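S.K.: The structure follows.
The values are calculated or read from the model by the stated rules, or taken from the named source; none is laboratory data. Just so you know, these numbers come straight off a predicted model, no measurement behind them. Virtual Cβ from ideal backbone geometry, glycine too; neighbours counted across all protein chains shown. For accessibility, only protein heavy atoms count, side chains too; no ligands or nucleic acids. Shrake-Rupley method; radii C 1.70, N 1.55, O 1.52, S 1.80 Å.
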Amino acid sequence: MPLKSHRYSLGARLFLSAAICCALVLMLAGIGLTTFYRRSAERGFDERLSVYIKELVADLAAPPEAERQAIGDLGEPRFDLPLSGWYWQIIRLDGEKPTIRASRSLVGSQLPKLLDQQLAPNARGLRETYVSGPDDRALRVLEREIDVGEDGRFTVAVGAPADEIDGDIRDFRFALTLTFVLLGLALVASTLIQVRFGLRPLVRLGTAVGAVRTGEAPRIAGQYPPDLAPLAGELNQLIDANREILERARTQVGNLAHALKTPLSVMLNEAEAGEGALPDMVKTQAAIMRDQVQYYLDRARAAALSGALGGVTEIAPSLDALIRTFSKISQGRGITGSHSVPAGIRFRGEKQDFEEMLGNLLDNAFKWADATVEVSLAPSSDAGPERIALLIDDDGPGLPNEAMADVLKRGRRLDETIPGSGLGLSIVADLAKLYGGGLSLQKSPLGGLRARLVLPSV
């Protein structure tokens, strides 16, 4: 049963898996770096805001009351611009009515009091979060609660636009994405080079195995990396074992043929020397036994050789020799034989088996042809992948469709079903089947019989 090929090659699978892994790693790294940079940018921004809080706290804690009137002079003009997004706010907590001081930029608005939002202060005593400002802009707000003794308890808050942090993060994300895209392309290119370079010995091994299969080389040759060298060695041992088994099968078949044919020849000779019903019966049965022995010996030999590695036969030269031989045999009848099989078409199997199959088919065609026998090659689409279909046509009387269907369905020998229709065609069908092909009979365009022989090709 032929192995089914996966839709993705080994190289494609390695390349895709490496590319996907690289993409995932880069994406996770990008997310991690962006998150880390956001935190770093927030810490830097918070450090800037905490400086303003410290200045405001210092102004609150500085006596006397006259100096406290100068609170809010932070040296940042944006605190004085209306709705600039930069705000500060001080709220006294211990009075009957909270006293609020705020930057001019708030223009009468207030920042949300983080103390009321139950936010826990950090290690430096600061509460920090994002809030919506007076103009619905997102603000980063820091708030600190202080106690200046007799002067009271206060909350000091400073807010600034969050889009300054987001802008820095966008710039960082763009630079990081561009860098990672270029890095990803470089990694994909290097992966492709590595896959091609790494799989090159495997491709060479596959080519070497194909050369053995097609008969171009007797064994797998060449040097391979330590990972593949044992596999190449095992394949060579398998090839040698296959050849040894086939050689042993040939020898045993030959010995069996010799052991059976000699007694049968003696029986035939003795029967021919006698007269009467018994010698005639012995002669007839011995001839049948000899034909049957030859038939099944041919089948056994073909079954052994059909799995052989490296057997390849050029079709055109064998056809030339066979047609020339049968043309000479039929020279007195004026039969013309020809073929149109181009050079380079090869049968994947033993030459002896191919010539036996074609010889039987041509023998039948020349025997029944009136004047013409033609051998042609059917279109490759009619034969299937790695198959060839040879068409043997004659202009003889042919066979009725019912007879051809009966012969193929019942699997009987044609010489027993249709007298005189050609000996050995059942052997052809068996040999073709052993090689994974087949034999079928059709009506020939020349008017006689067409034999369609399908065989594996190289």
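S.K.: How much length, in nm to one decimal, is gained on full extension between residue 47 and residue 256, taken as 0.36 nm per residue of separation minus their Cα-Cα distance?
M.R.: The residue 47-residue 256 span can extend by a further 65.1 nm.
S.K.: With every protein chain present, what is the per residue accessible area of the chain (1.4 Å probe, Å²)?
M.R.: Value returned for the chain: 57 Å² of accessible area per residue.
S.K.: Also: What number, rounded to the nearest 500 deg cm²/dmol, is the helix-based mean residue ellipticity at 222 nm of the chain, given -39500 (n - 2.57) per DSSP H run of at least four residues and division by all its residues?
M.R.: -18500 deg cm²/dmol
S.K.: With labels modelled as points extended 7 Å from the Cα through the Cβ direction, what inter-label distance (nm, one decimal) is found for residue 386 paired with residue 333?
M.R.: 3.9 nm
S.K.: For the chain, which longest stretch is free of loop sites, where a loop site is one of the GluC sites (Glu not before Pro) that DSSP puts outside H, G, I, E and B and that has at most 14 other Cβ atoms within 10 Å?
M.R.: The answer is 97-215.
S.K.: Report, ordered by chain and residue number, the aspartates and glutamates lying within cross-link reach of residue 328, taken as a straight Cα distance under 13 Å and ignoring same-chain residues fewer than 8 apart.
M.R.: 320, 363
S.K.: Another one. Provide the solvent-accessible area of residue 87, counting protein heavy atoms only and rolling a 1.4 Å probe, rounded to the nearest 10 Å².
M.R.: Roughly 0 Å² of residue 87 is accessible to a 1.4 Å probe.
S.K.: Normalised by the empirical 2.2 N^0.38 Å for globular proteins, what value does the Cα Rg of segment 188-297 take?
M.R.: It is 2.07.
S.K.: For the chain, what % of the accessible area comes from carbon and sulfur atoms, probe 1.4 Å?
M.R.: Percent of accessible area from carbon and sulfur atoms in the chain: 58.
S.K.: Using the Cα centre of segment 340-388 as the reference point, and only Cβ charges (+1 on K/R, -1 on D/E), how large is the resulting charge dipole? Debye, rounded to the nearest 20.
M.R.: Result for segment 340-388 is approximately 160 debye, rounded to the nearest 20.
S.K.: Of 54/113; 261/443; 283/443, which pairs sit farther than 28 Å apart, going by alpha carbon to alpha carbon?
M.R.: Those over the limit are 261/443; 283/443.
S.K.: May I ask you to derive the FRET efficiency for residue 190 and residue 58 from their Cβ-Cβ distance with R0 = 56 Å, giving the value to the nearest 0.05?
M.R.: My answer for the efficiency is 0.45.
S.K.: Only Cα pairs under 8 Å and at least 6 apart count here; give the relative contact order of the chain as a rounded whole percent.
M.R.: 10 percent
S.K.: Counting alpha carbon pairs within less than 8 Å and at least 6 residues apart, what relative contact order, in whole percent, applies to segment 104-171?
M.R.: 23 percent
S.K.: [x] 15; [y] 54; [z] 33: which one is percent of Cα pairs over 44 Å apart as calculated from this entry?
M.R.: It is the value labelled [y].
S.K.: When the dipole is taken about the Cα centre of the chain, and only Lys, Arg (+1) and Asp, Glu (-1) are charged at their Cβ, what size is it in debye, to the nearest 20?
M.R.: 1120 debye
S.K.: What is the extension gain from residue 211 to residue 281, computed as 0.36 nm multiplied by their sequence separation minus the C-alpha to C-alpha distance, in nm to one decimal?
M.R.: 19.8 nm
S.K.: Hey, if you put +1 on the Cβ of every Lys and Arg and -1 on every Asp and Glu Cβ in segment 134-234, which of 178, 212, 149 ends up farthest toward the positive end of that dipole?
M.R.: Positive-end residue among those listed: 212.
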